[in-house]
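Notes follow the structure.
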Amino acid sequence: FARTLDRLAGPSATLLPEDFFEEREAAPTSLRRLSTSLSRLQSTVESADASPTPDALTGFRHRREAVEEGLARWVEFLRSDLPRANGLLESAGLPTIRLE
C-alpha cells in the first residue's frame, strides 16, 4: 500500500520548496511531478505579455494527457487499494484511513 501510494504521489517534500525532489526520481504521472510541471508551465505562460506560444500549447496538451493518466491511476488506487488497506486495518483493530 505504502509503495503504491509513494509511486502515485511522488517523493515526499522534505527539502526546500523550490527543489523538494529530484524530478527524475518521480514518475511523470505522479501527483507531485504533475503539480510541479503544471506550475512551471503556468509561470512560463504568465511571464509573457502575449498569447501562449505554440510550444506552450503543445506542452499543455502533453501535460493534460499526463494529468488524465495520473488522475485515473489515483482514482483506481482510491477504489481498490485504499479499501483493501482499510479492511486490513479494521481487522487488526486499528483506525482506518479516512478521506476528507
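The values are calculated or read from the model by the stated rules, or taken from the named source; none is laboratory data. Owing to the predicted nature of the structure, the values given are computational and were not obtained by experimental measurement. With ideal geometry, Cβ positions are generated from the backbone for all residues, glycine too; neighbour counts draw on all protein chains shown. Only protein heavy atoms, including side chains, enter the accessible area calculation; ligands, DNA and RNA are left aside. Shrake-Rupley method; radii C 1.70, N 1.55, O 1.52, S 1.80 Å.
Applying the selection to segment 83-100, what residues are among the basic types (Lys, Arg) and touching a residue at least 60 places away in the same chain (Cβ under 8 Å)? Outline the logic, then answer.
Residues of segment 83-100 among the basic types (Lys, Arg): 84, 98.
Result: 84, single match.
Would you confirm whether or not segment 19-32 contains a residue that is modelled with pLDDT under 90, farther than 20 Å from residue 68 by Cβ, among the charged types (D, E, K, R) and part of a loop (DSSP other than H, G, I, E, B)?
Yes, because at least one residue in segment 19-32 is modelled with pLDDT under 90, farther than 20 Å from residue 68 by Cβ, among the charged types (D, E, K, R) and part of a loop (DSSP other than H, G, I, E, B).
Go through segment 67-99 and give me each residue that's over 30 Å from residue 41 (Cβ atoms), part of a helix (DSSP H, G or I) and open to solvent by 70 Å² or more (accessible area, probe 1.4 Å).
If the condition is that a residue be over 30 Å from residue 41 (Cβ atoms), part of a helix (DSSP H, G or I) and open to solvent by 70 Å² or more (accessible area, probe 1.4 Å), then 84, 88, 90, 91 are the ones that fit.
Do you know which residues across segment 48-66 are over 23 Å from the mean Cα position of the chain (by Cα) and open to solvent by less than 80 Å² (accessible area, probe 1.4 Å)?
48, 50, 52, 53, listed by residue number.
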